[in-house]
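Read-outs throughout are calculated quantities, based only on the coordinates presented, and are distinct from any laboratory measurement. Here the structure is a predicted model, which is why all the values come from computation and not from measurement. FYI the Cβ positions are ideal-geometry reconstructions off the backbone, even for glycines, and counts take in every protein chain you see.
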Amino acid sequence: MKAFMDEGFLLESNAAEELYHGYAKDMPVIDYHCHLSPGEIASDRQFENMTKIWLDGDHYKWRAMRACGIHERYCTGDASDYEKFEKWAGTVPQTLRNPLYHWTHMELKRPFGIRKLLNPSTAREIYDESTAMLQTRAFSARNIMRSFKVEVVCTTDDPIDSLEHHIKIRDDGFEIRVLPTWRPDKAMMVDDPLAFNQYVDKLSAAAGQTITSFTEFLDALKSRHDYFHEMGCRLSDHGLEAMESVDFTDNEVSLIFARIRSGKGLPWEHRAVFRSAMLYYLALMDYQRGWVQQFHLGALRNNSSRMLEKLGPDKGFDSIGDFEMGRPLTRFFNRLDKEGKLAKTILYNLNPRDNELIVAMAGNFNDGSVRGKMQYGSGWWFLDQKDGMQKQLNALSSLGLLSCFVGMLTDSRSFLSYPRHDYFRRILCNLLGTDIERGEIPPDFELVGSMVKDICYYNARQYFGF
Ligand SMILES: [Zn+2]
């Protein structure tokens with residue numbers, strides 16, 4: 001029997017251990033997609049206690065707690081920070097085989113050096129011990145990032161964001177590059193005319209120009225896109241159920257824009273036309289700037305209208321959808337490819353049913369211009385776990401080229417999520433090591449080890465060009 005989560009955690013062979021310890025473990029981290037608060041990095045936040053840094057905002061933990069019958073008061077409600085932690089500690093033993101069990105103990109181990117298992121009997125001491133450490137300078141937001149050898153972090157930002165925190169971080173001379181990511185979801189949310197119009201007004205203020213037509217709307221977005229570029233942004237990101245790429249004419253889109261600006265709602269077909277046009281024009285901006293566009297596809301969000309009304313979005317009531325993926329993606333990419341204007345692209349899917357479809361689709365549009373131009377993104381959200389990552393790596397290996405993969409990201413809101421890179425690296429090395437042991441890959445550690453280093457670090461560095 002192996003020890004629980006020791007140095008050889010998830011590494012099932014000598015070859016896997018050699019790859020991990022010799023090539024993966026010490027590589028720096030490029031976290032090219034996350035949801036960290038730039039403000040907390042700018043102020044180098046010191047967290048008051050373990051609940052504030054670990055539980056606040058963590059909808060993965062809340063889902064598990066709710067599943068254990070724990071009242072909402074202890075998840076998002078008004079219970080004290082310690083009461084919330086205690087309820088989480090009571091939940092952890094019930095998360096065996098869920099990634100939360102591994103993440104929890106990896107995160108206690110690094111950065112806190114706590115090797116005890118979290119459960120009701122250890123709750124108090126672990127809370128006190130970790131909270132005491134959080135009071136020290138070594139555990140400020142920036143110092144935690146330093147301790148994980150983070151080199152670059154890309155946050156997720158709205159086009160109307162002033163990026164004031166990014167400016168502060170840069171001006172402070174913080175050696176870890178904290179760059180914005182362009183996420184223009186709200187510029188496409190035309191289901192609610194009131195909210196859309198308020199957004200357009202804010203965009204107009206941010207860009208310092210009037211917006212009376214669709215052309216001016218695009219101009220304003222373009223000027224914000226230019227500003228993001230100046231601020232070091234090299235990626236865009238879109239959260240979509242599926243790609244949308246119905247036919248449209250500029251005239252049609254202009255009329256649709258005028259209609260919604262007059263406060264009128266749009267019929268379903270017009271919304272699809274508008275979003276299709278927006279995705280196309282935004283893709284052109286990304287191409288012109290040499291950015292990487294990311295598409296997070298397939299989430300069915302806000303399933304509980306009762307909880308949406310009570311807590312708002314992103315509180316753990318989203319799941320996996322079953323949208324049509326193939327045809328709209330090929331229409332979208334084909335148009336851009338035909339015009340010679342397809343940006344580097346990363347596709348992430350949430351329904352594991354779509355794994356092979358997505359990696360095969362990506363392969364259609366590699367054009368020999370950039371190594372790994374069309375990427376099949378790492379296991380995301382519900383697939384960001386051992387089984388999901390293995391399946392992603394296997395689908396990519398079988399239908400694409402694993403060697404060109406830009407690797408892992410945290411996609412997290414927490415400064416304690418960097419061990420997810422370590423989790424990924426162990427899984428990657430275990431897959432390759434197992435192949436070596438089976439005689440399916442040559443036992444050439446220079447060859448396989450350099451591929452490991454590429455996937456952990458060098459591919460991302462080259463691909464994104466930060
Ligand atoms: Zn994300």
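What the table shows:
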read-out	value
Principal axis dimensions, region 159-247 - Cα atoms, whole angstrom, descending	44, 31, 21
24 Å Cα-Cα threshold exceeded, pairs from 61/116; 87/186; 52/391; 109/391; 264/341	87/186; 52/391; 109/391; 264/341
Neighbour-count ranking [beta-carbon atoms within 10 angstrom, fewest first] of 440, 83	440, 83
Selected from 415, 160, 213, residue furthest toward positive end of dipole (the chain; charges at beta carbon)	415
Only Lys, Arg (+1) and Asp, Glu (-1) charged, at Cβ; region 136-223 dipole about Cα centre in debye	580 debye
Rule-of-thumb Rg ratio for region 21-166 [Cα; 2.2 N^0.38 Å; N residues]	1.11
Scattering profile of region 83-122 at q = 0.17 Å⁻¹ [log10 I(q)/I(0), Debye over alpha-carbon scatterers]	-0.40
Stokes-Einstein D for region 84-171, Kirkwood Rh over Cα pairs, 10 °C, 1.306 mPa s (µm²/s)	103 µm²/s
Volume per residue of the C-alpha convex hull in the chain, rounded to whole Å³	147 Å³
Length gained when the stretch residue 122-residue 171 is fully extended (0.36 nm per residue, less Cα-Cα span)	13.4 nm
Relative contact order [Cα under 8 Å, 6+ residues apart], region 378-443, whole percent	27 percent
Cα centroid of region 419-459 to Cα centroid of region 45-108, whole Å	32 Å
Simple Cβ-charge dipole of the chain, Lys/Arg +1 and Asp/Glu -1, about Cα centre, in debye nearest 20	300 debye
P(r) weight above 21 Å for region 31-114, C-alpha pairs, percent	34 percent
Helical segments meeting 18 Å axial Cα length and Kyte-Doolittle -0.5 threshold in the chain (DSSP H)	193-207, 268-289, 419-437
Inter-part distance where region 1-22 and region 290-316 are each reduced to a Cα centre, Å	36 Å
Additional length obtainable on full extension of the chain from residue 364 to residue 223, 0.36 nm per residue less Cα span	47.6 nm
Region 300-408: Rg to Rh, with Rh as the Kirkwood radius over Cα pairs	1.04
Directionally averaged shadow of region 1-61, computed from the convex hull of its alpha-carbon atoms, nm²	6.9 nm²
Counted charge near residue 143, where neighbours are those whose Cβ lies closer than 14 Å (Asp, Glu -1; Lys, Arg +1)	+2
Environment charge at residue 463 (Cβ cut-off 12 Å; Lys +1, Arg +1, Asp -1, Glu -1)	+4
Largest to smallest principal axis extent of the C-alpha atoms in region 326-378, angstrom	31, 23, 13
Burial order of peptide ranges 372-378, 249-255 (average beta-carbon count within 10 Å, highest first)	372-378, 249-255
